[in-house]
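What follows is calculated from the coordinates using simple rules that are stated; it is not laboratory data. Because the structure is a prediction, the values reported are computed rather than measured. Counting neighbours? That spans all protein chains shown, and the Cβs are built from the backbone with ideal geometry, glycine included.
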Protein chains: 2
Amino acid sequence: MDRTNAGAEAGTGRTGLTGAAGVNLPVLRSHNTALVLDLLRTAGAEGISRLELAERTGLTPQAVSKITARLRDEGLATEAGRRASTGGKPPTVLRLVPEAGHAVGLHLDRDELRAVMVDLTGTVVGERRTSLDLGAGAEAVVDAVAEEAGALMVGASGAGSVLGVGIALPGPLDHNRGVLHRVTGFPEWDGFPLRDALARRLGGPVVVDKDTNAAALGLAVSGESGSFAYLHLATGLGAGLVIGGAVHRGARTGAGEFGHQVVQLDGPPCGCGGRGCVEALCLAAVAHGALDEAAHVLGTAAGNLVALLDIDLVLLGGRTITAAPDTFLRGVRTVLTERAERLGEDPVPVRLASGGVAEGAAQLVLARLFSPSRA
Amino acid sequence: MDRTNAGAEAGTGRTGLTGAAGVNLPVLRSHNTALVLDLLRTAGAEGISRLELAERTGLTPQAVSKITARLRDEGLATEAGRRASTGGKPPTVLRLVPEAGHAVGLHLDRDELRAVMVDLTGTVVGERRTSLDLGAGAEAVVDAVAEEAGALMVGASGAGSVLGVGIALPGPLDHNRGVLHRVTGFPEWDGFPLRDALARRLGGPVVVDKDTNAAALGLAVSGESGSFAYLHLATGLGAGLVIGGAVHRGARTGAGEFGHQVVQLDGPPCGCGGRGCVEALCLAAVAHGALDEAAHVLGTAAGNLVALLDIDLVLLGGRTITAAPDTFLRGVRTVLTERAERLGEDPVPVRLASGGVAEGAAQLVLARLFSPSRA
DNA sequence: TCCACTTTCACAACGCTGTTGCCAAAGTGC
DNA sequence: GCACTTTGGCAACAGCGTTGTGAAAGTGGA
């Protein structure tokens with residue numbers, strides 16, 4: 001992490017301004033630059049021509065030429081051959097330079113820590129995995145995390161260009177301040193300023209987020225567009241919401257509390273103190289081997305979400321889902337299709353999510369480069 | 001409607017671009033201008049000084065001076081005296097010129113049509129009300145709407161400066177295209193291009209939206225900030241969602257389908273074909289005089305919404321609510337407070353909504369002036 | 001009464017942004 | 001070959017917010 005300006009206060013998220021922010025020329029410049037970088041990333045190894053960038057951004061070709069010239073100077077982009085002519089001068093293809101920047105992503109699960117180093121395109125260039133006891137106390141966990149992240153940064157090829165570290169872990173937390181709250185099953189974490197603690201240890205920007213949000217961001221980057229919900233069913237049930245390409249976190253960054261949506265008034269009690277929560281109903285059904293019932297309950301809650309937010313897509317993930325993917329896909333699809341038929345609409349597609357949480361955590365860091373406005 | 005460029009294609013909503021849009025200088029200019037106008041509107045009759053505008057927007061005082069000079073040239077803003085000195089030159093106070101522009105807002109309910117003309121500050125300067133049969137056929141309704149809107153525009157003082165007409169009506173519809181869908185109880189409206197039909201008749205921009213969205217927008221303009229949900233309980237149950245100051249409509253502009261959130265698996269059948277919908281449960285309880293139960297059900301669904309989106313505020317409105325406001329406030333608050341206590345959070349406030357739907361419909365038009373990016 | 005000081009805000013010069021006009025490069029197709 | 005199309009660089013330009021300077025108009029102490 002060689003940025004002199006990198007410190008604990010980086011990655012704060014929102015600006016502290018009360019209202020909406022004015023746009024001055026530096027803001028305009030960085031916005032358009034990020035937009036071009038994002039399109040370069042999306043284009044992948046194939047690349048994209050200047051003229052196409054101009055069409056997609058709505059900027060003039062000349063503006064795009066200026067921006068891409070800057071990016072080439074900075075080493076972030078490069079020319080990559082030419083495409084076949086369509087009757088005139090063949091377009092020069094531009095592409096991202098993957099090794100121009102890297103990010104570390106960590107996934108802290110209840111019993112395991114997975115760390116990856118990715119390049120600018122999101123490709124994993126280094127990986128470590130170790131067992132971890134989230135209940136072993138803050139110091140031990142911070143030590144382990146710093147060790148793994150440090151080892152990746154030293155060992156991997158792009159150690160000199162690491163932009164920051166992203167961390168995903170279960171349970172609600174304060175994304176803006178990087179403070180943990182109510183990590184399920186580990187009350188001792190409540191109030192721990194994980195971001196600042198790690199930023200001091202690692203000496204670079206650190207971003208902390210809920211695991212489902214990281215997973216959703218990873219999915220958004222790897223091709224899922226528009227608005228979708230990522231539903232994660234494992235030891236618990238949670239969601240990550242992407243609305244208009246941006247992760248929706250809400251005012252206190254607690255959005256996506258999907259597991260405790262009540263779908264059965266006066267239903268069986270849930271560990272949260274409420275009654276009839278989806279999580280409780282789903283997990284009880286799974287425990288009894290009634291996977292069809294679990295899928296039906298999950299589908300009903302997903303239907304509520306689709307109706308409320310009018311999203312484009314539902315993605316399913318988590319160990320319980322991957323243990324019986326077809327059952328859950330079928331069950332959720334059935335509920336959503338019935339709903340759509342009643343309304344005369346096309347049903348919202350339901351698919352399995354692919355991609356790791358650690359990779360998504362790394363995207364928390366890269367988001368500042370490619371889409372600062374929707375990070 | 002004296003804008004030469006005003007036509008049926010105005011008010012389309014989103015740009016057709018696939019991805020995010022580049023920001024060029026005209027976009028930057030109009031964004032900052034709208035931002036200043038919005039702050040002037042918020043300041044109201046008191047006004048606001050240039051320096052304060054600079055602080056709030058993040059722009060330099062000089063940039064604000066340039067922008068406000070343009071606004072004064074255009075007649076949208078004016079100087080309004082001075083404030084007391086705080087040790088130096090006393091600040092000159094700027095305020096909006098209310099009569100510089102007007103908008104017509106219409107609320108088409110099942111049996112009534114209410115039309116208002118508002119000035120730039122949202123103050124009602126003209127009002128008409130007439131009975132209406134939404135089932136009388138498209139032609140008759142369009143005639144009635146055109147008549148009322150026309151009468152307001154001719155009769156009111158600011159007839160020459162009407163920016164457009166906003167229309168709110170029940171049921172899901174396509175806000176982007178201005179086409180109706182599934183107006184509850186009136187299937188004959190399905191697919192009717194209301195916006196274009198009225199734009200031709202009235203010769204100016206027309207914006208169409210769901211009544212709950214219009215009400216929510218009206219509330220957002222009249223002081224409610226941040227993210228909130230407006231829940232409307234009358235002959236049906238619907239919601240308008242405001243996320244980050246902007247009305248959330250979703251991909252197919254169908255978001256806010258709150259009435260058919262399922263909160264009772266295998267509950268009693270609902271008119272929508274589903275089972276255990278909040279609307280059915282709530283209205284059944286109201287019909288039996290069990291208002292406490294209705295409020296509890298409503299509160300549970302509101303709790304789901306708060307958990308999922310992490311919003312700041314819940315606002316209640318609609319005839320059924322206003323018939324027994326305390327009962328519903330108490331019931332919803334109880335559920336939300338219990339939930340907050342379980343999580344160790346502050347409970348989300350619940351309040352009664354104030355403001356008419358027609359006024360909110362007028363804001364659909366004004367939004368293009370004050371906040372085009374979040375219209 | 002005078003004068004130093006603060007605050008507000010306008011004017012002029014400036015730097016940076018995207019834009020326009022022009023032209024060279026490099027192909028296709030008749 | 002030659003006309004044509006498409007791509008994209010260079011230079012001049014216009015428009016935006018920014019910086020520097022100073023006038024205007026108060027306060028408050030000497």
With each label point set 7 Å from Cα along the Cα-Cβ vector, what nm distance links A:ARG330 and B:LEU25?
6.3
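Tally the DSSP beta bridges in chain A and give the antiparallel ones as a percent, rounded to 5.
Details: 32 of 50 bridges.
Percent antiparallel among DSSP bridges in chain A is about 65.
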Residues with amide H under 5 Å from that of A:VAL208, placed H, sequence gap 5 or more
A:ILE167
Per 20 Å bin, what is the whole-percent P(r) computed from every C-alpha pair distance within chain B?
27, 54, 18, 0
Let me see the pair-distance distribution of the stretch A:25-96: every alpha carbon pair, 5 Å bin width, integer percents in order.
3, 17, 29, 29, 14, 5, 2, 1
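Can you tell me, using C-alpha contacts under 8 Å and at least 6 residues apart, the relative contact order of chain A as a whole percent?
Numbers: 754 pairs, mean separation 63.4, N = 375.
The normalised contact order for chain A reaches 17 percent.
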According to the square roots a ≥ b ≥ c of the eigenvalues of the Cα gyration tensor, what is the shape class of the stretch A:248-357, taking rounded for a/c under 1.5, prolate for a/b larger than b/c otherwise, and oblate for the remainder?
rounded
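For the protein assembly as shown, give the share of DSSP beta bridges that are antiparallel, in percent and rounded to the nearest 5; count only bridges with both residues there.
65
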Taking amide H atoms as placed 1.01 Å from N in the peptide plane, list the residues 5 or more away in sequence, or in a different chain, whose amide H sits under 5 Å from that of B:PHE192.
B:LEU180
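Please find the FRET efficiency linking B:THR130 to B:ALA287, where r is the Cβ-Cβ separation and R0 is fixed at 25 Å, and quote it to the nearest 0.05. Before the final figure, lay out each step's value.
Numbers: r = 30 Å, r/R0 = 1.18.
Once rounded, the FRET efficiency stands at 0.25.
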In nm, to one decimal, how far is the modelled label at A:ARG275 from the one at B:ASP190, with both set 7 Å along Cα→Cβ?
3.9
Can you pull the three principal axis extents for the Cα set of the protein assembly as shown, in Å, largest first?
77, 68, 62
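What net charge is computed for the residues neighbouring B:PRO91, neighbours being all others with C-beta under 15 Å from the C-beta of B:PRO91, Lys and Arg scored +1, Asp and Glu -1? Please report the intermediate quantities before stating the final value.
On the way: positive: B:ARG50, B:ARG56, B:ARG82, B:ARG83, B:LYS89, B:ARG95; negative: B:GLU46, B:GLU52, B:GLU55, B:GLU79.
Surrounding charge for B:PRO91 is +2.
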Pairwise centroid distance, computed over Cα atoms, of the stretch B:289-325 with the stretch A:120-155, Å:
45
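Going by the alpha-carbon gyration tensor, a ≥ b ≥ c the square roots of its eigenvalues, is the stretch B:171-286 rounded (a/c under 1.5) or, if a/c is not under 1.5, prolate (a/b greater than b/c) versus oblate?
Details: a/c = 2.41, a/b = 1.34, b/c = 1.80.
Judged from the Cα gyration tensor, the stretch B:171-286 comes out oblate (a/c at least 1.5, b/c at or above a/b).
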Can you give the FRET efficiency for B:ALA151 and B:GLU112, using 1/(1 + (r/R0)^6), R0 = 22 Å, r = Cβ-Cβ distance, to the nearest 0.05?
0.85
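Using only DSSP helix segments of four residues or longer, with each worth -39500 (n - 2.57), what per-residue ellipticity at 222 nm results for chain B after dividing by its residue count and rounding to 500? Show your work: numbers first, answer last.
Working: 11 runs with 145 residues, N = 375.
Theoretical 222 nm ellipticity from helices: -12500 deg cm²/dmol.
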Under Karplus coefficients 6.51, -1.76 and 1.60, residue-wise ³J(HN,Hα) of the stretch A:293-308 in Hz, glycine/proline x
5, 4, 5, 5, 4, 4, x, 5, 5, 5, x, 4, 5, 4, 5, 5
Spin-label model distance (nm) - B:ARG83 vs B:GLU46, 7 Å beyond Cα toward Cβ
0.8
What ranking of A:ASP312, A:ASP133 emerges when the number of other C-beta atoms within 10 Å of each C-beta is taken as an exposure proxy, fewest first?
A:ASP133, A:ASP312
What ³J(HN,Hα) values, in whole Hz, does the Karplus curve 6.51 cos²θ - 1.76 cosθ + 1.60 give for the stretch A:345-358 when θ = phi - 60°, with x put for Gly and Pro?
10, 6, x, 6, x, 10, 9, 7, 7, 10, x, x, 6, 4
Applied in sequence order to the stretch B:247-253, the curve 6.51 cos²θ - 1.76 cosθ + 1.60 (Karplus, θ = phi - 60°) yields integer Hz couplings, x standing for Gly and Pro, of 5, 8, 10, x, 4, 9, 6
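Please give me, ordered by residue number, the GluC sites (Glu not before Pro) of the stretch A:38-133 that lie in loop per DSSP and have at most 14 other Cβ atoms within 10 Å.
Details: sites: A:GLU46, A:GLU52, A:GLU55, A:GLU74, A:GLU79, A:GLU99, A:GLU112, A:GLU127; in loops: A:GLU74.
Of the GluC sites (Glu not before Pro), the ones in loops of the stretch A:38-133 whose Cβ has at most 14 other Cβ atoms within 10 Å are A:GLU74.
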